[in-house]
Amino acid sequence: MRLRNWPAVMGLVVSACLFAGCYVIRPSSGAGQSSFKGPRIVRADDIAVAKGFQIEPVVTGLTFPTGVTFDADGRIYVVESGYAYGEVWTKPRLLRLEHNGRLTEVAAGQTNGPWTGATFHEGAFYVAEGGEMEGGRILRITPDGRVTVLVGKLPSMGDHHSNGPVIGPDGWLYFGQGTVSNSGVVGEDNAQFGWLKRHPQFHDIPGQDITLAGQNFTSSDPVHGKGKAVTGAFLPFGTASTKNQVIKGAVPCSGSVMRIRPEGGPPELVAWGFRNPFGLAFSPGGRLYVTDNGYDERGSRPIWGAANVLWAVDKGVWYGWPDFSAGMPLNRKHFKAPRKKQPQFLLASHPNRPPDPIALFAVHSSADGLDFSRSGQFGYVGDAFVALFGDEAPSVGKVLHPVGAKVVRVDVRNGLIEEFAVNKGRQSGPASKIGGHGLERPVAARFNRAGDALYVVDFGVMKQSKKEAQPQQGTGVLWRIIRER
């Protein structure tokens, strides 16, 4: 099942529609624009997997799961987020799957979710706490449930959170940190996310000193409930910028990959200029790869047609946010949203020319967790397997059909993307949208310790209205993909 170059295909199709006027006229038909009422029924036969493989459910009934990991004995552990877009709060948990199929709570958090993944290393679990209320943290959790904060006060109280983590071949713990805003400017769209009124002074932080071009953006003022506000890049809502204004860099910073020692200590900057580096994984050769969610068509500075990206990460490099997408400058006509202004650079100068990505995923596909095959028993050694959560239209922008909601395989040598697990049907998308009882929202993919099974974390049903997400509790699933017996 070969996946075509969808970013290019979408660009051609939508460009044709724009010429004919159909894109502007037609309503959005996104992955979450469904009439699901529950309960969720799960059926593996509704999923098409690559030839020679089979898929099966391992755990059902999870609430907002985001990660899976394995201890030294190969036992399975699942992370439940505790928070989902739409301002839905539950309890973040690390759960162990017992031999009898039951789940045992190892540890739990409070109201500072989402927990966005976990890894196991030398007798302990490491969990990224997204930090929607109090800022992000990296947690160390022992098998008996003792929780230690290794680093805190990460800038994660905005649109995107602290992500990961993963142990590198150097023994350091690597994690991602998403940006506060969509494209560098805090706006009224951030009030719809819920956080702007909680943290009205919160804004993006660069990884090094930057000089602003002096662009400002006028929007309605949801903080005070009336009037207008003028906001500049990397500044609090309602604060204007000036030309050649210098914004001091800091660590921790927004849109970055950082690392710490497993015993804790101050974070070190690895690279920055990402938008939302959600998935991190090291290849068998020891190189770090990161998935990065593309810009949305929303807020004071909407960006249109921005692909999701797989990066190979080099230390000290800036990857382009907020002025480039997948290595391309945003002042190109390609990124101009219909009936909106052409995006211009926010920075007066750039730290470096952004590198080219390894692979491009479809616009709004939300490329999230990934892992590399290391075992000949499974096959495809050295290829990356990426979970595509799928679009959250119409709040992120219009789509004419569902995007994502599948697992793909990426040959990192040439960027070729092939579908690996996708719902059967005339179009791909979540089961709640296209029919059947297969995948909903793949958010993580992780091989077990033996490397002969790929576990896929399915977040569950995520309905979407024009203004907010509507996540459905108790609909998450953990799937397993193995060679046919």
> Within the stretch 328-335, can one find any residue that is part of a loop (DSSP other than H, G, I, E, B), polar (S, T, N, Q) and surrounded by fewer than 17 Cβ atoms within 10 Å (Cβ to Cβ)?
Replying inline: yes
>> Give me the strands (runs of 3 or more DSSP E) completely within the stretch 164-242, filtered to those with at least 2 residues that are over 23 Å from the mean Cα position of the chain (by Cα) and of a type in the set (A, V, I, L, M), ordered by residue number.
In response: 228-232
>> Filter the stretch 448-463 down to the residues that are open to solvent by 20 Å² or more (accessible area, probe 1.4 Å) and in contact with an Asp or Glu (Cβ under 9 Å, 6 or more places away or on another chain) and list them by number.
In response: Arg449
> Among Gly21, Gly74, Gly11, Gly61, which is the only one that is on the phi > 0 side of the Ramachandran plot and at pLDDT below 95?
Replying inline: Gly21
> Out of (1) closer than 13 Å to Asp371 by Cα; (2) surrounded by fewer than 16 Cβ atoms within 10 Å (Cβ to Cβ), what's the single condition that is false for Ala445?
Replying inline: (2)
>> Quick check on the stretch 63-80. Is at least one of its residues within 22 Å of the chain's Cα centre (by Cα) and open to solvent by 20 Å² or more (accessible area, probe 1.4 Å)?
In response: yes
> Only one residue in Gly238, Gly225, Gly305 is over 27 Å from Ala128 (Cα atoms), open to solvent by 10 Å² or more (accessible area, probe 1.4 Å) and at pLDDT below 95, so which one is that?
Replying inline: Gly225
>> Quick test of your reading of the structure: Leu139 fulfils all but one of (1) part of a strand (DSSP E or B); (2) open to solvent by 10 Å² or more (accessible area, probe 1.4 Å). Name the failing condition by number.
In response: (2)
> Identify, please: which residue in the stretch 451-485 is out of contact with any strand residue (DSSP E or B) (no Cβ under 8 Å at 6 or more places or on another chain) and modelled with pLDDT under 95 and is, among those, nearest to Gly117 (Cα to Cα)?
Replying inline: Glu468
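The values are calculated or read from the model by the stated rules, or taken from the named source; none is laboratory data. Note that the coordinates shown come from a computational prediction; the quantities given were computed from them, not determined experimentally. In this analysis, Cβ positions are derived from the backbone assuming ideal geometry, glycine residues included, and neighbour counts consider all displayed protein chains. Quick note on the areas: whole protein, heavy atoms, side chains included, nothing else; ligands and nucleic acids left out. Shrake-Rupley method; radii C 1.70, N 1.55, O 1.52, S 1.80 Å.
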